[in-house]
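Reviewing the structure listed below.
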Amino acid sequence: MTFGNIDVYGSSVLLGCERCRYTERVSLPPIRKSKLYLDQSFLSMVFKAEDKRYLRIAESIKGICAKQALVVPYSNVHEDETHQWKHYEALINFIKATARGHEVAPTYEIIQAQFDQALELWLTAKEPDFSVNKRDAFDREIDEWEGYYRIEVGGYYGNVEKLRSAKIASISGLVDTFDTWRTSTQTVEEQIELELAQAALGYLDAYKSYVQRIAEGDYAVLLDGPINANYVKRLVSCKALGENVDDRVKAALRFLASSHFAAMPAQSISARIYAELREQVRRGAYTNKEKANARLSGFFFDVDHISVYAPYFDGMVVDRSMHELLRSGTVDLSKRWGTKLFSAVNIEEFEGWLNEIEQGISDAQFEALASAYPALKHR
């Protein structure tokens, strides 16, 4: 056979002849893929192959992705966290294979987009009713038909042992604060306000450190400075905040104390997660420090990806502890952002959600699958 498929390009299949240069295109119907975020705990369980339920679901995910109805992008958080695992090379390859080449934007890019949107609302005196733009997280191509090939680009992960040690020390430090939390009299709302104020202070401290290093002639900060400093740098460079730097700095301080900053998903979700964790501790959770350290070992990575990515995804799989936090009245992620939450606690619900996606594939899409991917088992 000399005439057949060459590749799939976005919304069409390119066919051609091996003997001559004749080609033609067959149009494919528009599609919209459900977006699913699989956290490290799920991917590790599948990779270890210790629980048949996870293996069954992984096969289902793989099949639905192949039918162009679901996409499971990988992120910079996947890569950062995976490199703390001893067998990271095999695991990251598994994650990328599941993602089929799709990647969600890095967390810092999404946070910057949220800063820009919140600042615009603040400057125009509009209500801080925050709605996310999914294009901030995903490229246009994510809702197109996949080609036959993908290109992967390696990343830089820093000193893995240093990161691993810092992770252990951070969790240990968090657990050590639990004794103080147990006797706290602050309300949940007061704790959320405190978390937001601390987040704003963290951005300002990073910016102050950046300015100080520049003043000292340490221009290496342009390459190795903290990303958090960049958000305030962008604020201070915004001409709409004032004619001179002093005015812009003062305006930036007012913005960081505003309800618009607090409404940013990355800030709001993170603050509420920490506030709910504190409430759990006050109610008697995590009394055993050793078990608390083990159970919360990935907590900071989890807060990082959930607070930033959750509003952009249709579904998200997390571990049991985080699932409990996210479904609490304090956070209530599904109600606030519409993101379906799954873990080992409601694994049947997860399977049901996946079945709904597969059953919702139109006849037109099934017919197009046969043209685009002749070797695929479609039904």
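The values are calculated or read from the model by the stated rules, or taken from the named source; none is laboratory data. Given the structure is predicted, the values throughout are model-derived calculations rather than measurements. Heads up, the Cβs are rebuilt from the backbone with ideal geometry, glycines too, and the neighbour counts pull from every protein chain shown. SASA here: full protein model, heavy atoms, side chains in, ligands and nucleic acids out. Shrake-Rupley method; radii C 1.70, N 1.55, O 1.52, S 1.80 Å.
Figures for the structure shown
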| item | result |
| --- | --- |
| Evaluation of E367 against (1) within 28 Å of the chain's Cα centre (by Cα); (2) outside any strand (DSSP E or B) (one fails), failing number | (1) |
| Any chance T330 is open to solvent by 40 Å² or more (accessible area, probe 1.4 Å), in a loop (DSSP other than H, G, I, E, B) and either closer than 30 Å to T177 by Cα or charged (D, E, K, R) (or both) | no |
| Total residues in the stretch 7-49, condition in a strand (DSSP E or B), within 34 Å of the chain's Cα centre (by Cα) and among the hydrophobic types (A, V, I, L, M, F, W, C) | 5 |
| Positions within the stretch 12-24 being within 22 Å of E367 (Cβ to Cβ) and surrounded by 13 or more Cβ atoms within 10 Å (Cβ to Cβ), in sequence order | S12, V13, L14, L15, G16 |
| From the options G284, G338, residue that is small (G, A, S), on the phi > 0 side of the Ramachandran plot and under 21 Å from the mean Cα position of the chain (by Cα) | G338 |
| Exclusive hit being open to solvent by 30 Å² or more (accessible area, probe 1.4 Å), touching a helix residue (DSSP H, G or I) at 6+ places or on another chain (Cβ under 9 Å) and among the hydrophobic types (A, V, I, L, M, F, W, C), set A263, A229, A240, A215 | A240 |
